[in-house]
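Enquirer: One structure follows; several queries about it will come next.
Only the coordinates and a few stated rules stand behind these numbers; no lab work does. Values in this document were obtained by computation on a predicted structure and should not be read as measured data. Note that each Cβ is placed from the backbone with ideal geometry, even for glycine, and that neighbours are counted across all protein chains shown.
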Amino acid sequence: MAEQCIICQIISGEVPSKKIYEDDDILAILDFNGASPGHTFVMPKEHFPIFEQMPSHLVGKLFNVANKVSSAIFETLKVQGTNIFVTNGVPAGQRVAHFMINVIPRMENDGINMQWKTRQLSEEEMSTIELKLKEEISKVGVGEAPKLSSTPKKIETISDDTEGEESCLVRQLRRIP
């Protein structure tokens, strides 16, 4: 299956792409037919058709890269927002059987429609779904949270030698609504 996958062919270099990030595990490329200029796919280099098949360490790394891509899009394209989402399975809109994260640059009134019709569930339906999901999730090991040290650590002050340039963190905080 992986040898027929267009994403795997892009990763191997058989199909040309516009790579904006690459490391040993992950590739981020521009979508030629994107929803807006800068629409990026962030994907594992190893073939995983759907989200649930990926190892946890790779999930975290992929979303970390998607976060960095989103920040770069904000800074370079001067957009007002980004949509970061996954289409997981054909009914969810997945067109290629290779997991990827979409990062879509957004501007107000850009014509991209990410809306859906809401559906009100009854209290009984909500309770039934809640119980079923709780039961299933309890069977899945999520792992333990890291232990926090009881000894406080000293926070060091870092001088800002950029004179007039804002730090990346300050720019990101300004985007928070």
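Enquirer: Checking Thr76 against (1) surrounded by 14 or more Cβ atoms within 10 Å (Cβ to Cβ); (2) in a helix (DSSP H, G or I); (3) of a type in the set (Val, Ile, Thr): exactly one of these is not met. Which one?
Expert: Exception for Thr76: condition (1).
Let's see how each residue does on (1) within 18 Å of Ile26 (Cβ to Cβ); (2) assigned to a loop (DSSP other than H, G, I, E, B); (3) touching a Cys at 6+ places or on another chain (Cβ under 8 Å):
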{"site": "Asn88", "(1), (2), (3)": "yes, yes, no"}
{"site": "Pro91", "(1), (2), (3)": "no, no, no"}
{"site": "Arg95", "(1), (2), (3)": "no, yes, no"}
{"site": "Asn102", "(1), (2), (3)": "yes, no, no"}
{"site": "Gly111", "(1), (2), (3)": "no, yes, no"}
{"site": "Gln115", "(1), (2), (3)": "no, yes, no"}
{"site": "Thr118", "(1), (2), (3)": "no, yes, no"}
{"site": "Met126", "(1), (2), (3)": "no, no, no"}
{"site": "Glu130", "(1), (2), (3)": "no, no, no"}
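Enquirer: If you don't mind, another one. Of all residues in region 19-41, which are surrounded by 11 or more Cβ atoms within 10 Å (Cβ to Cβ) and charged (D, E, K, R)?
Expert: Listed by number, the residues that qualify are Lys19, Glu22, Asp25, Asp31.
Enquirer: Sticking with this one: Could you please tell me which pairs satisfy a Cβ distance under 8 Å, a separation of 6+ or placement on different chains, a first residue in region 59-84 that is farther than 10 Å from Ile104 by Cα and in contact (Cβ under 8 Å) with a residue 40 or more places away in the chain, and a second residue that is in a helix (DSSP H, G or I) and polar (S, T, N, Q)?
Expert: Once the first residue is farther than 10 Å from Ile104 by Cα and in contact (Cβ under 8 Å) with a residue 40 or more places away in the chain and sits in region 59-84, its partners that are in a helix (DSSP H, G or I) and polar (S, T, N, Q) give Ser71/Gln172; Phe74/Gln172.
Enquirer: Within region 106-115, count every residue that is over 25 Å from Lys61 (Cα atoms) and surrounded by 13 or more Cβ atoms within 10 Å (Cβ to Cβ).
Expert: Matching residues across region 106-115 total 3.
Enquirer: Do you know which residues across region 88-105 are surrounded by fewer than 17 Cβ atoms within 10 Å (Cβ to Cβ) and either in contact (Cβ under 8 Å) with a residue 40 or more places away in the chain or of a type in the set (Val, Ile, Thr) (or both)?
Expert: Val90, Val96
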